[in-house]
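A.B. asks: Structure incoming, see below.
Laboratory data are not the source of any read-out in this text; all were calculated from the coordinates shown. Not measured: the values here are computed from a predicted model. Every residue, glycine as well, gets a Cβ built from its backbone with ideal geometry; the counts of neighbours run over all protein chains shown.
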Amino acid sequence: MDALSHALIASILFSAPGLTPLIPFAVLGAVIPDADIVFPKISETNPSLYLFTHGGIAHSIAGVFALTLLAYGMVVLLAAAGIIPASSIAAAGVYGFGAVLAGALLHLALDVSACPGIPVFAPFSDRKYTLGILPGPSLLLAVAALGLVMVVTLPLLPFSSAIVIYGSVVILYIAVRAAMFLVAAVKLPGRKVPSINPFRWLVIQEDETSYKVRTYTLFFGYSGEAEFEKFRNTDAGELAVAAQLPKVRRFFFYSYIVTAERTGSVLILTDPLREKGYLYYPVQYKRVEVNLD
């Protein structure tokens, strides 16, 4: 989910109970995890630091606690220097820190509802968790957020009216997605990856030797079946050895499924879902080659 949507949702949730003085703090918390958009150069340079990427360690519980401390500390320093009004800090008191943290945790809660998930327990585990309710990224929410900005800027509507409309769109969208998630959970076996169309999913089933990938559309059923062998001229043992390498761990972190093929001394690992265009996000590291000699 985009940073603007996170900020607007935090604003709505804090304004509804009348916590207006805390809204700036909540918005700050809601956007700071996405500061990791500057991280990918780190993991490109050093594959062992693959968690330092967008949707990586900054999108974990430990990460948002660290970012909250850093962000709130900077706010206090700016207020002490007279760059921002000290009165705003005084009015919020200790609740300001809590609002920043709440906004950051809200960010995690929204992102864990979307694919491909986030590493909630990093740096202790790089496993991604997702409820699989929303696609990632969610284009409709981004368009709705930009639409709000446009109608307020032009101006076509006052902010108070626009935010009510936006909030209604968000609630309706998430409700429809949640309902479709329950339908998919009941009807479809295997892993389900939601698409932009809320009535369509990519369904992944696997056994010891292969992955079967099909598209399921509500009311129309399955279509577009494809099967991918897990191993060609290699086996799980060689893959486990290669998986110790930093660039391979980075590849696994980005991938939905992994196939392995050995050509001579080279082990080629691919994520066919992203490489063949079934899924487009994340865009990096769709394949990696490892020399086994």
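A.B. asks: At a threshold of 8 angstrom on Cα-Cα distance, excluding pairs fewer than six apart, so keeping six or more, what relative contact order does the chain reach in percent?
C.D. replies: Computed over the chain, the figure is 13 percent.
A.B. asks: May I pose another question? Using the Kyte-Doolittle scale, which helices in the chain average at least 1.0 and also have C-alpha atoms spread 15 Å or more along the helix axis, with helices defined as whole DSSP H runs?
C.D. replies: 3-15, 61-80, 94-112, 139-153, 159-187
A.B. asks: Longest span of the chain, sites excluded, free of trypsin sites (Lys or Arg not before Pro) in DSSP loop with at most 15 other C-beta atoms within 10 Å?
C.D. replies: Value returned for the longest uninterrupted segment is 128-275.
A.B. asks: What are the lysines whose alpha-carbon lies under 30 Å from the alpha-carbon of K192, with same-chain residues fewer than 8 places away excluded?
C.D. replies: The qualifying lysines are K128, K212, K230, K247, K276, K286.
A.B. asks: Once you compute Rg and the Kirkwood Rh from C-alpha atoms, what is the Rg to Rh ratio for the stretch 226-293?
C.D. replies: Result for the stretch 226-293 is an Rg/Rh of 0.95.
A.B. asks: Suppose R0 equals 51 Å. What FRET efficiency, 1/(1 + (r/R0)^6) with r the Cβ-Cβ distance, do S48 and A16 give to the nearest 0.05?
C.D. replies: 0.70
A.B. asks: Here is a follow-up. With no solvent and one equal point scatterer per Cα, compute the Debye intensity ratio I(q)/I(0) for the stretch 1-102 at 0.18 Å⁻¹ and report its log10, rounded to two decimals.
C.D. replies: Once normalised to I(0) and log-transformed, intensities are -0.87.
A.B. asks: By how many nm would the segment from R232 to A109 grow when fully extended, if each residue of separation counts as 0.36 nm and the alpha-carbon distance is taken off?
C.D. replies: Full extension from R232 to A109 adds 40.4 nm.
A.B. asks: I've got another one for you. Using the number of other C-beta atoms within 10 angstrom as an exposure proxy, rank Y222, Y278 with the fewest first.
C.D. replies: Details: Y222 11, Y278 19.
Ordered from fewest to most neighbouring Cβ atoms within 10 Å, Y222, Y278 come out as Y222, Y278.
A.B. asks: Work out how much length Y222 to F124 would gain on full extension: take 0.36 nm times their residue separation and subtract the Cα-Cα distance, in nm to one decimal.
C.D. replies: Value of the extension gain: 31.4 nm.
A.B. asks: Right, another one. Quick one: if you stick a label point 7 Å off each Cα along the C-beta vector at A35 and E261, how many nm between them?
C.D. replies: The answer from the label model is 4.4 nm.
A.B. asks: Pick out, in residue order, every one of the chymotrypsin sites (Phe, Trp or Tyr not before Pro) in the stretch 117-161 that is DSSP loop and has at most 15 other C-beta atoms within 10 Å; say none if there are none.
C.D. replies: On the way: sites: F121, F124, Y129, F159; in loops: F121, F124.
Here the sparse-neighbourhood loop sites are F121, F124.
A.B. asks: Follow-up question, since we're still on this one. Could you state the number of Å between the C-alpha centres of the stretch 16-64 and the stretch 166-204?
C.D. replies: Value for the Cα centre distance between the two parts: 25 Å.
A.B. asks: How far apart, in nm, are the 7 Å Cα→Cβ label points at V186 and T153?
C.D. replies: Reported label-point gap for V186 and T153 is 4.3 nm.
A.B. asks: Hey, rough spin-label estimate for A243 and E208, points 7 angstrom out along Cα→Cβ, what's it come to in nanometres?
C.D. replies: For A243 paired with E208, the spin-label model returns 1.6 nm.
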